[in-house]
Amino acid sequence: MTAVLEILKYTIPAFIVFLTVYLMLRQYFKSEEKSQIFDFKAGHRKITLPLRLQAYERLAVLCERISLPNLILRIRTNSMTASDLQIALQIAIQQEFEHNVAQQIYVSPELWQILNLAKNDTINMINHVASETPKGTSGLEYSRAIFKFLNERGVTGLDKARIAINKEVSNIL
């Protein structure tokens, strides 16, 4: 019995010391892991933040490039008919959008959906004005009809997309 008490006299304090050291080391390693994760995320943010901001810049430029006034000024020639201009505008919008499709990995899915809807809204405006324009109309008259439609409509999908881009960038910064 005394041998058991002698063994317990040494093992119980040793067990308490072992348990204390174990808990302290476990807490230390957890805090080190959190610190390393934080450092990794901070370093990752230094790399990704400029890329994300560049993506937002490119998407803002996309909105400008596919806005109908800018497209018409850039694409329309004197020899175009309304149907020629309609097709050229649609192709230009699609090409611009496809050129910037990779930017979607840097922005929220909601913003990308807004941009996609803005693109579709712009194409729908082109088609709507074309459907109300008589056949054989010149490109100049068609573009005037588009400008008139834009003035009557007011806010477009591209305006909403620009606002969404600015909002998302302000949330990041």
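Read-outs throughout are calculated quantities, based only on the coordinates presented, and are distinct from any laboratory measurement. The shown structure was predicted, so the numbers you read here are calculated from the model rather than taken from an experiment. Neighbour counts are summed over all protein chains in view; Cβ atoms, including those assigned to glycine, are modelled from backbone coordinates with ideal geometry.
For the set 119/148; 34/160; 119/167, the pairs lying more than 28 angstrom apart at their alpha carbons are 34/160.
Each residue of region 156-166 was assigned a 3J(HN,Hα) from its phi angle through the Karplus curve 6.51 cos²θ - 1.76 cosθ + 1.60 (θ = phi - 60°); the sequence is 10, x, 5, 4, 5, 5, 4, 4, 5, 4, 4 Hz, with glycine and proline shown as x.
With contacts taken as Cα pairs under 8 Å at a separation of at least 6 residues, the chain carries a relative contact order of 27 percent. Close amide H partners of residue 80, meaning residues 5 or more places away or on another chain with modelled amide H under 5 Å apart, are 139. In the chain, taking the dipole from charged Cβ atoms about the Cα centre, the farthest positive-side position among 56, 146, 83 is held by 56. When peptides 4-10, 147-153 are sorted by average Cβ neighbour count within 10 Å, with the highest value leading, the order is 147-153, 4-10.
Between the listed residues 109, 99, 37, the Cα displaced farthest toward the positive end of the dipole of the chain, a dipole computed from Cβ unit charges relative to the Cα centre, is found at 37. Dipole magnitude for the chain: computed about the Cα centre from +1 point charges on Lys and Arg Cβ and -1 point charges on Asp and Glu Cβ, it is near 260 debye.
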